[in-house]
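The values are calculated or read from the model by the stated rules, or taken from the named source; none is laboratory data. Quick caveat: nothing in here was measured; it's all calculated off a predicted structure. Please note: Cβ atoms are built from the backbone with ideal geometry, for glycine as well, and neighbour counts cover all protein chains shown.
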Ligand code: E4P
């Protein structure tokens, strides 16, 4: 499973790339606003330079014509840009058009298996089911990831399953067990993947024992 960072913060992307575990980045208009981005095009190019894999850049328009025009423009910014399009009737149509032109797309805001099936049939490269937001309203978000996996396998659809809106390391593990191709997560969650109290305790003990040995030498 590939590890994507869900952020528009360049410092976070740089750090995750330095760890060597960064496979891609996803952004959305809220994350861009949170990062205080003014020049979206330049910022996407900066993210694309730092990322050793796909970078999802979301359209703002909601009409077919706007999404297609914006999608073409975003795709021209860097070779690793993937155009993120919301699941809407016009969005699905835009995915079909962009995909016929060889432009990779990520269908976002997926909350049901049928939405995922429709987007996959339209040619979406990635499908983004939002796990955490479903959990927030009392559903089991990960069940959606499992069902989409089944649909993609049953119909041999090539769309990649990108588990999104992940809130903690357990979500990341569950996405991997559910057969997600990629998991996108906030920086804090990626950072948490490294930590285990027994690893920290074990290392502290190793270093203490070594220091004691040195003091007797
Ligand atoms: C997906 O690509 C979205 O950017 C993201 O995962 C949404 O997460 P949130 O529900 O934590 O905002």
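Annotation: residue 123 fulfils all but one of (1) surrounded by 11 or more Cβ atoms within 10 Å (Cβ to Cβ); (2) free of Cβ contacts under 8 Å to residues at least 60 places away in the same chain; (3) within 16 Å of the ligand (Cβ to nearest atom); the unmet one is (3).
Inclusion of residue 134 among residues that are over 27 Å from residue 75 (Cβ atoms), within 18 Å of the chain's Cα centre (by Cα) and either surrounded by fewer than 19 Cβ atoms within 10 Å (Cβ to Cβ) or at pLDDT 95 or above (or both) is warranted. Of everything in the stretch 177-192 that is touching a residue at least 40 places away in the same chain (Cβ under 8 Å) and part of a loop (DSSP other than H, G, I, E, B), the residue that is farthest from residue 163 (Cα to Cα) is 186. In this entry, residue 217 is excluded by the filter for residues that are loosely packed, with under 13 Cβ neighbours inside 10 Å, within 16 Å of the ligand (Cβ to nearest atom) and farther than 16 Å from residue 130 by Cα. Checked against (1) in a helix (DSSP H, G or I); (2) free of Cβ contacts under 8 Å to residues at least 12 places away in the same chain, residue 195 passes all but a single condition, namely (1).
Filtering the stretch 24-54 to residues that are assigned to a loop (DSSP other than H, G, I, E, B) and either away from the ligand (no atom under 14 Å from the Cβ) or crowded, with 19+ Cβ neighbours inside 10 Å (or both) leaves 27, 28, 36, 37, 38, 39, 51, 52, 53, 54. Annotation: of all residues in the stretch 2-15 being touching a helix residue (DSSP H, G or I) at 6+ places or on another chain (Cβ under 6 Å) and within 15 Å of the ligand (Cβ to nearest atom), the one that is nearest to residue 177 (Cα to Cα) is 5. Each residue in the stretch 179-192 was checked for being touching a strand residue (DSSP E or B) at 6+ places or on another chain (Cβ under 8 Å) and within 16 Å of the ligand (Cβ to nearest atom), and 9 pass. Scanning the stretch 147-176 for residues being away from the ligand (no atom under 14 Å from the Cβ), more than 16 Å from residue 5 (Cβ to Cβ) and in contact with a helix residue (DSSP H, G or I) (Cβ under 9 Å, 6 or more places away or on another chain) gives a total of 10. Residues in the stretch 107-119 that are crowded, with 24+ Cβ neighbours inside 10 Å and either in a helix (DSSP H, G or I) or over 17 Å from the mean Cα position of the chain (by Cα) (or both): 116, 119. When residue 117 is tested against the conditions (1) farther than 16 Å from residue 171 by Cβ; (2) within 13 Å of the ligand (Cβ to nearest atom), the lone failure is (2). With respect to residue 164, determine if the residue is under 22 Å from residue 27 (Cα atoms) and in contact with a strand residue (DSSP E or B) (Cβ under 6 Å, 6 or more places away or on another chain). When the stated conditions are applied, residue 164 passes them.
Residues in the stretch 58-76 include none that are touching a helix residue (DSSP H, G or I) at 6+ places or on another chain (Cβ under 7 Å), closer than 22 Å to residue 187 by Cβ, free of Cβ contacts under 8 Å to residues at least 40 places away in the same chain and outside any loop (DSSP other than H, G, I, E, B).
Could you tell me whether residue 188 is modelled with pLDDT of 95 or more and over 16 Å from the mean Cα position of the chain (by Cα)? Considered against the rule, which asks whether it is modelled with pLDDT of 95 or more and over 16 Å from the mean Cα position of the chain (by Cα), residue 188 comes out as no.
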